[in-house]
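Following: one structure in structure tokens, then a few remarks.
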Amino acid sequence: MHIAVVVKQVPDLVEELEVDAAGTGLDRAWVKMKLNEFDDHALEQAVLLKEAGGAQVSVVALDGEGIDQVLYAAVARGADRALKVDAGTQEPLDSRRAATALAGAIRDLGPDLVLTGVQAADDLFGQMAPFLAAELGWPHVSVVSQVEVAGAAVRVQQEYAGGRMATLEVDLPAVIGVQAAPQPPRYVPVSRLRQAMASGALETATAGAGAGTGGAAVTQLAKPEAGRGAEMLTGSPDQVAEKIEALLRERGLLRG
Amino acid sequence: MSKVEPGRVREDEHLIVEGMDISGHWNRMFEQRVLWSHDTGPLEKLTAITGAESLAYCYQCGKCTSACPVDSVGSYSPRKIFRKVQTGTDLLTNPDLWLCTTCANCLRVCPKEVNMISIMPALREVAVTEANVPPELQKAFENTFQHGNPLGEPARKRADWVAEAGAPATILPRERRPVDVLFYVECYWSYHPRGRDAARAFARVMEKLGVDWGILGPEEKCSCDSQRLAGERGLFEMLAEQNIRTLAKYEFSRMVTSDPHAYNALRNEYPKLGAEYPIQHYTQFLAPLMGQLPWKRRLDYKVTFHDPCYLGRHNGEYDAPREMIRQIPGLQFTEMFRCKANGYCCGGGGGGMWLDSFTGNHVTERLSERRVREAVETGAEMLVVCCPYEVSRFEDAVKSTGNEGRLLVRDVIELVDEALR
Ligand code: SF4
Ligand code: SF4
């Protein structure tokens, strides 16, 4: 079993984010990047599968500032190979363009299974896994919280609204959007990270022609406007209950 | 499995050992005490780890148990750890691995020099390498790695406290020049709201003294001593290398720090990496200068003082903070019964700062809570401290022990500043 884990970095929310002068992106001057936490779970899931049944794990990312450290950390965590794909730009790409840029390299890598985070803080549509699957022509399941190998397929737990879970079997090769690994991503000791960095074993690939095209153009990015503030209801519990009922009726939220 | 077969106990009527006549029935004490009821394998596995050898020396005298602060709120001490391991506990996966604060009070009394300050980091390092770390501590490690401080605050805000100090502080990367004193602010004085209060007070006192000083600002990173003691040696080395490189860029004639943990790192650990600095804790720097301060006000407070483990026991400084307290006009000072070399521990050392909830599940009360009760018992209305971990720890403990309004917690520098206003 060969598993490819597709990862990317997102802005670390520790820093206050500012919209850039053009009003279409983040002011990147002060943004600190970190591994997308859902990708972190995808990687943990891959390492758990490796520990359970001896898979080979390759971690794949688009080239960009700081990506080397992310890849080394993945190697320190248990990935066997790390592949950096050059799409001709250091700028972050949206999911659509990232998927086209990565698909060729992933096909060349020839994994049985592709895991990636279900979504990312800077792209909440959750489209990376479906786009990748479409590019590769493979089946896809997203919002997955557990992956097990079942012969030539994988059995996955998919999460639905209201806490319902479905167990699905997907033929391989397939692309899975991981919501959560069965256990939190494990700690990467710095000594191990430094070993990985010293080994310097990153591979590189170039995205093929047509890579990184398509996608949506951001026309405006803005901070959410603050609301007018909350209205505090006062009085005894019964009075408050009456006021709530009146409010709900007034807004047409109650039937009968 | 290395079960030791019972040896034959020998009792000689006449026995001379190294020229000394020790004839008598008690000379059989010199026989090896034979252990056959338990597998000694697990203990031997631990004591084979570099740094943890001295755990094997324990002969169960029990002196450490009465000295260990954790034992006073739970069941702990090197003696108990030894016995548990001897009887089959796997310490590397047991909560006991994380309870020691590396306060060094056991080492002070142990006749066999069983050294938890060396044992604990060594064993924890093995656990960390196996990714077996309590989640709270893992977060602190990750924050330190990512942002250079365990609080997870942005590096570029490290010197933001200066703005409201009302006194200048030269931020060296912005204003490059040689200074007399390089002040190593450390993380809690840089970011924690109560730490920033102390940092600002420090800046004002430095201005009154006319000291020429500067800070590294956003280039300063955690000295990482507590992370090292909590088992993340790789992280310590990485940040130490970065700090050493940063320090090499600036000219200064001496270094002062707010934090006993940073003091310990810079004084005892960085030299092992080839970097020696003339470092003082700020109480050591200020105590001899107290006579030059233009006092404006008497502070009529009854105070007591808590010795930081890493200033006192680890580095032998008990006098400097007391001298500062003595010279601040008006303070009435009482010692707590546990003080100086036998001082209690606030619970923050050795990673304890980032293990509060974890530790809380294994002790009857926090060490900081026990200490606050002891401070109240002296009749003091103020607990004076000089370690950045302690103000917030003790203020939380004042609340959780219901002593709000009865005991205030102040860094000694805040009192100096108050008496100058
Ligand atoms: S004081 Fe030393 S020898 Fe005595 S029980 Fe404690 S660790 Fe063992
Ligand atoms: S170092 Fe302190 S906390 Fe640790 S075992 Fe010794 S006395 Fe107890």
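The values are calculated or read from the model by the stated rules, or taken from the named source; none is laboratory data. All of these numbers come straight from a predicted model, not from anything done at the bench. Every residue, glycine as well, gets a Cβ built from its backbone with ideal geometry; the counts of neighbours run over all protein chains shown. The area values use the complete protein model at the heavy-atom level, side chains included, leaving out ligands, DNA and RNA. Shrake-Rupley method; radii C 1.70, N 1.55, O 1.52, S 1.80 Å.
General observations
- Among the residues of this structure, residue B:254 does not count as one that is more than 28 Å from residue B:409 (Cα to Cα) and either within 14 Å of chain A (Cβ to nearest Cβ) or open to solvent by less than 30 Å² (accessible area, probe 1.4 Å) (or both).
- In the stretch A:80-108, the residues that are basic (Lys, Arg) reach residues that are part of a helix (DSSP H, G or I) with C-beta atoms within less than 7 angstrom, at least six apart or across chains, in these pairs: A:84/A:67; A:84/A:71; A:96/A:131; A:107/A:136.
- Across the stretch A:24-83, the qualifying residues are those that are of a type in the set (Asp, Glu) and open to solvent by less than 20 Å² (accessible area, probe 1.4 Å), and the one among them that is nearest to residue A:188 (Cα to Cα) is A:44.
- In the stretch B:73-85, the count of residues that are open to solvent by 40 Å² or more (accessible area, probe 1.4 Å) and more than 13 Å from ligand 1 (Cβ to nearest atom) is one or more.
- On the stretch given as the stretch A:1-23, residues that are open to solvent by less than 70 Å² (accessible area, probe 1.4 Å), out of contact with any strand residue (DSSP E or B) (no Cβ under 8 Å at 6 or more places or on another chain) and more than 10 Å from chain B (Cβ to nearest Cβ) total 1.
- In the stretch B:297-354, the qualifying residues are those that are among the polar types (S, T, N, Q) and open to solvent by 10 Å² or more (accessible area, probe 1.4 Å), and the one that is farthest from residue B:409 (Cα to Cα) is B:315.
- Meets criteria (under 30 Å from residue B:146 (Cβ atoms), open to solvent by 60 Å² or more (accessible area, probe 1.4 Å) and either in a loop (DSSP other than H, G, I, E, B) or in contact (Cβ under 8 Å) with a residue 12 or more places away in the chain (or both)) for residue A:146: yes
- Taking the listed residues A:35, A:26, the one that is in contact (Cβ under 8 Å) with a residue 40 or more places away in the chain and of a type outside the set (S, T, N, Q) is A:26, with no other qualifying.
- Hits in the stretch A:179-194 - residues which are of a type in the set (Ser, Thr, Tyr) and either more than 7 Å from chain B (Cβ to nearest Cβ) or not in a loop (DSSP other than H, G, I, E, B) (or both): A:191
- Of the residues making up the stretch B:100-114, those that are more than 9 Å from ligand 1 (Cβ to nearest atom) and surrounded by fewer than 23 Cβ atoms within 10 Å (Cβ to Cβ) are B:104, B:108.
- Residue B:194, sole failed condition from (1) in contact (Cβ under 8 Å) with a residue 24 or more places away in the chain; (2) within 18 Å of residue B:243 (Cβ to Cβ); (3) open to solvent by 10 Å² or more (accessible area, probe 1.4 Å): (2)
- Residue in the stretch B:212-225 that is surrounded by fewer than 24 Cβ atoms within 10 Å (Cβ to Cβ) and either in contact with a Cys (Cβ under 7 Å, 6 or more places away or on another chain) or within 14 Å of chain A (Cβ to nearest Cβ) (or both) present: yes
- Complete set of residues in the stretch B:226-245 that are farther than 21 Å from residue B:282 by Cβ, away from chain A (no Cβ under 14 Å) and surrounded by 24 or more Cβ atoms within 10 Å (Cβ to Cβ): B:229
- Some residue of the stretch A:116-123 being without any contact (Cβ under 8 Å) to a residue 60 or more places away in the chain and in contact with a Gly (Cβ under 7 Å, 6 or more places away or on another chain): no
- Helices (runs of 4 or more DSSP H) wholly inside the stretch B:105-169 that include at least 1 residues being under 22 Å from residue B:215 (Cβ atoms): B:135-147
- Of B:186, B:164, B:153, all but one fail to be outside the structural domain of residue B:389 (by TED's automatic domain parsing) and over 20 Å from residue B:262 (Cα atoms); the exception is B:164.
- Any hit, the stretch B:118-130, residues being modelled with pLDDT of 95 or more, of a type in the set (Ser, Thr, Tyr) and either touching a Lys or Arg at 6+ places or on another chain (Cβ under 7 Å) or under 18 Å from residue B:362 (Cα atoms) (or both): no
- Taking the conditions (1) within 27 Å of residue A:189 (Cβ to Cβ); (2) among the hydrophobic types (A, V, I, L, M, F, W, C); (3) away from chain A (no Cβ under 14 Å) in turn, residue B:325 satisfies each one other than (1).
- The conditions of being away from ligand 2 (no atom under 16 Å from the Cβ) and open to solvent by less than 20 Å² (accessible area, probe 1.4 Å) are met by residue B:92.
- Annotation note: Cβ proximity below 8 Å between a residue of the stretch B:341-354 that is within 16 Å of ligand 1 (Cβ to nearest atom) and a residue that is of a type in the set (Ser, Thr, Tyr) (sequence gap 6+ or interchain) occurs for B:341/B:318.
- Residue match in the stretch B:88-98 (condition: under 28 Å from residue B:131 (Cβ atoms), within 14 Å of another protein chain (Cβ to nearest Cβ), more than 14 Å from ligand 1 (Cβ to nearest atom) and not aliphatic (A, V, I, L, M)): yes
- Filtering B:286, B:311, B:331, B:273 for residues that are under 18 Å from residue B:228 (Cβ atoms), touching a residue at least 24 places away in the same chain (Cβ under 8 Å) and touching a strand residue (DSSP E or B) at 6+ places or on another chain (Cβ under 9 Å) leaves a single hit, B:311.
- Annotation note: of A:230, A:246, A:222, the sole residue that is in contact (Cβ under 8 Å) with a residue 60 or more places away in the chain and over 29 Å from residue A:107 (Cα atoms) is A:222.
- Selection status of residue B:113, within 14 Å of chain A (Cβ to nearest Cβ) and either touching a Phe, Trp or Tyr at 6+ places or on another chain (Cβ under 9 Å) or at pLDDT below 95 (or both): no
- Condition met for residue B:335 (part of a helix (DSSP H, G or I), modelled with pLDDT of 95 or more and among the charged types (D, E, K, R)): no
- Inspection of the stretch B:145-156 identifies at least one residue that is farther than 17 Å from residue B:98 by Cβ, within 10 Å of another protein chain (Cβ to nearest Cβ) and of a type in the set (Lys, Arg).
- For the stretch A:171-203, the set of residues classified as free of Cβ contacts under 8 Å to residues at least 40 places away in the same chain and either open to solvent by less than 60 Å² (accessible area, probe 1.4 Å) or closer than 22 Å to residue A:138 by Cα (or both) consists of A:171, A:187, A:190, A:191, A:200, listed by residue number.
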